[in-house]
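All remarks here apply to the structure that follows.
The values are calculated or read from the model by the stated rules, or taken from the named source; none is laboratory data. Predicted model, so just to flag it, every value in this text is computed and none were measured. Here the Cβ is made from the backbone with ideal geometry for all residues, glycine too, and neighbour counts use every protein chain on show.
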Amino acid sequence: MTKKKPEPNAAKPKYELTSQEVTAIKKLVAPAKPAPRLKVLNEKGTTISTAHPDQLAGQALLMDALGTADIDFYGGLIDQLASAAWRKEEVDEHSLNFMLSVVKGIEPNDQVEAMLAAQMAAVHMTTMTFARRLAQVENIPQQDSAERAFNKLTSTRQHECAKARSLHARSD
């Protein structure tokens, strides 16, 4: 008795998405509050601009996502996020956009909420840096130092998470 081999060019049955997968894809494709990312140019100093074909429209979308109409606040907050994303003598675009995404995800209603969200993003980034350092220690003094910083930062994050929950409860 010989087994029948499948045809090498036989078409595989098309995968059918589940309703959960369709819902997840719809959420991904149509975010609630679309706002552009930032791009970083590190030539002759650092320039940060929106990754939008029209800079004014991109800036307006970002300002709206940050809960502000004040250009000075917007510029200051972006500068502060960029400073927190400084890596190896330049602004790390990936880290900057991650922190911006955290702030946008909190959906601040005003400048105070945007500042708290930016602080939460920066503390989270630093906490993860010290978690990595703690995992890579080579001696006891390094371990003690990284552990102290990590513990302080995680304590700060717990307080910030409580603030974020109260902000969201207030806005609902």
Enumeration of residues in the range 21-74 that are within 19 Å of Glu93 (Cα to Cα), in a helix (DSSP H, G or I) and among the polar types (S, T, N, Q): Gln55, Gln59
Would you confirm whether any residue within the range 60-68 is more than 26 Å from Thr126 (Cβ to Cβ), touching a residue at least 24 places away in the same chain (Cβ under 8 Å), touching a strand residue (DSSP E or B) at 6+ places or on another chain (Cβ under 9 Å) and not aromatic (Phe, Trp, Tyr)? yes
Can you name every residue in the range 28-48 that is loosely packed, with under 10 Cβ neighbours inside 10 Å, farther than 17 Å from Phe98 by Cα and within 21 Å of the chain's Cα centre (by Cα)? Val29, Ala30, Ala32
Could you check Gln158 against (1) modelled with pLDDT of 90 or more; (2) in a helix (DSSP H, G or I) and say which number it fails? (1)
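Please verify whether Ala51 is of a type outside the set (Lys, Arg), in contact with a strand residue (DSSP E or B) (Cβ under 6 Å, 6 or more places away or on another chain), surrounded by fewer than 19 Cβ atoms within 10 Å (Cβ to Cβ) and within 30 Å of Thr129 (Cα to Cα), treating the condition exactly as stated.
Values: of a type outside the set (Lys, Arg): yes; in contact with a strand residue (DSSP E or B) (Cβ under 6 Å, 6 or more places away or on another chain): yes; surrounded by fewer than 19 Cβ atoms within 10 Å (Cβ to Cβ): yes; within 30 Å of Thr129 (Cα to Cα): yes.
When the stated conditions are applied, Ala51 passes them.
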Where Lys104 falls short, out of the listed (1) at pLDDT 85 or above; (2) more than 20 Å from Ile48 (Cα to Cα): (2)
Within the range 19-27, can one find any residue that is touching a residue at least 12 places away in the same chain (Cβ under 8 Å) and loosely packed, with under 13 Cβ neighbours inside 10 Å? no
